[in-house]
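Here's the structure we're looking at; comments come further down.
Laboratory data are not the source of any read-out in this text; all were calculated from the coordinates shown. Values in this document were obtained by computation on a predicted structure and should not be read as measured data. Don't worry about glycine lacking a Cβ; one is built from the backbone with ideal geometry, like all the others, and counts go over all protein chains shown.
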Amino acid sequence: MVIVSHALNVLILIAVVPALWRDAPGTAEAFGPDTPARRILMCVYLAILLTSVVALILAGMGHYGMALTIGLVLFPMQILYKTATAFAVGIDNPVVITNLVVVVVHSITLATLAMRA
């Protein structure tokens, strides 16, 4: 499940980061206008994207424990901030809905790890 969670981060953010960078059609409706705050969010997304890419590369090289360690730090942080978006923005926003899907997947990943410990 750790690989699934990292892969989900990559699959979502590989599309979102360039869209935010280019101010692609639809991004303003979902993320708001292109402002410094939105560009800062894009940088946070880029950091998450690159972190999960590195974790997947490490896992592919046989260093699953390192990918696991990265996930044990990254996924709880994502769960917290993505859950908070539902309260801050409301659940009728497509970004929030996607965030909550990620929360479910990462929560299943962490629960699976906890049951195996």
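Just rank PHE75, PHE87, fewest to most, by other beta-carbon atoms within 10 angstrom.
Numbers: PHE75 24, PHE87 9.
Final ranking by Cβ density, sparse to dense: PHE87, PHE75.
Shown is the FRET efficiency for ALA111 and ALA7, computed with R0 = 22 Å from the Cβ-Cβ distance and rounded to the nearest 0.05: 0.75.
Relative contact order for the chain: what is it in percent, counting Cα pairs under 8 Å that are at least 6 residues apart? Please list the in-between numbers first.
Values: 93 pairs, mean separation 35.9, N = 117.
Normalised by residue count, the contact order of the chain is 31 percent.
Can you tell me how much longer the chain between LEU41 and ALA88 gets when fully stretched, taken as 0.36 nm per residue apart minus their C-alpha distance, in nm with one decimal?
On the way: separation 47, 0.36 × 47 = 16.92 nm, distance 1.49 nm.
Value of the extension gain: 15.4 nm.
Between 0 and 90 degrees, the angle of helix 64-89 with respect to the longest Cα principal axis of the chain falls at about 30 degrees.
Angle between the Cα long axis of helix 94-116 and the longest principal axis of the chain, 0 to 90 degrees, nearest 10? In the chain, helix 94-116 runs at an angle near 10 degrees to the longest axis.
All other residues with a Cβ under 15 Å from the Cβ of TYR45 taken together, and with Lys, Arg as +1 and Asp, Glu as -1, what is their net charge? Don't jump to the answer; show the numbers that get you there.
Working: positive: ARG22, ARG38, ARG39, LYS82; negative: ASP23, ASP34.
So the surrounding residues net to +2.
Secondary-structure-derived ellipticity at 222 nm for the chain, considering helices only, amounts to -29500 deg cm²/dmol, per-run term -39500 (n - 2.57) for DSSP H runs with n ≥ 4.
For region 2-116, pairs of C-alpha atoms spaced more than 19 angstrom apart make up 47 percent of the total.
Fewest to most neighbouring Cβ within 10 Å: what's the order for MET66, MET61?
Values: MET66 15, MET61 10.
Listed from fewest to most nearby Cβ atoms, that is MET61, MET66.
Sorting VAL103, VAL54 from the fewest to the most surrounding beta carbons within 10 angstrom yields VAL54, VAL103.
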